[in-house]
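A short worksheet on the structure shown next.
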Amino acid sequence: MTRVLLDQGLAPRAAALLRLTGWDALHVSEVSLDRAEDSEILDFARQERRTCITLDHDFHLHLALSRAGEPSVIRLRVERVAAEGQAQLIRSIYEVCEEAITAGAVVSADETSIRVRRLPLR
């Protein structure tokens, strides 16, 4: 089962839509992390073995500075996309690079391109 944690900038409804298709998806607001620091969100994702999905470029920076091998982070480079579009984009990313995400990676994606770097970042 795919386990993900959606960050504050993403729609809580996107997590609900992913759950409807069998994913173990949480939004930070559902686990009282909606006002948490990025490092706390990453720690939760690591402990829960979840991929963190965010709009925030700082998550990749945190992983680079700490040289951490987990959790995987997907940064969506999109603006004003409704929950349905967010959920579909997340599913599409997993279709293309699930193996890398499972092994530990940072992914940066928009509607037309996906970039993957394995963790730890060097």
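The values are calculated or read from the model by the stated rules, or taken from the named source; none is laboratory data. Here the structure is a predicted model, which means the values were calculated and not measured. Cβ: placed from backbone, ideal geometry, glycine included. Neighbour counts: every protein chain shown.
The table that follows gives values for the structure above.
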item: Only one of Arg3, Arg19 that is at pLDDT 95 or above, among the basic types (Lys, Arg) and over 12 Å from the mean Cα position of the chain (by Cα); result: Arg19
item: Any hit, region 87-102, residues being in contact with an Asp or Glu (Cβ under 9 Å, 6 or more places away or on another chain), within 21 Å of Ile41 (Cα to Cα) and modelled with pLDDT of 95 or more; result: no
item: Strands (runs of 3 or more DSSP E) fully within region 51-122 counting 1 or more residues that are over 17 Å from Val28 (Cα atoms); result: 105-109, 114-118
item: Filtered residue count, region 25-50, keeping only those that are farther than 13 Å from Leu10 by Cβ and assigned to a helix (DSSP H, G or I); result: 11
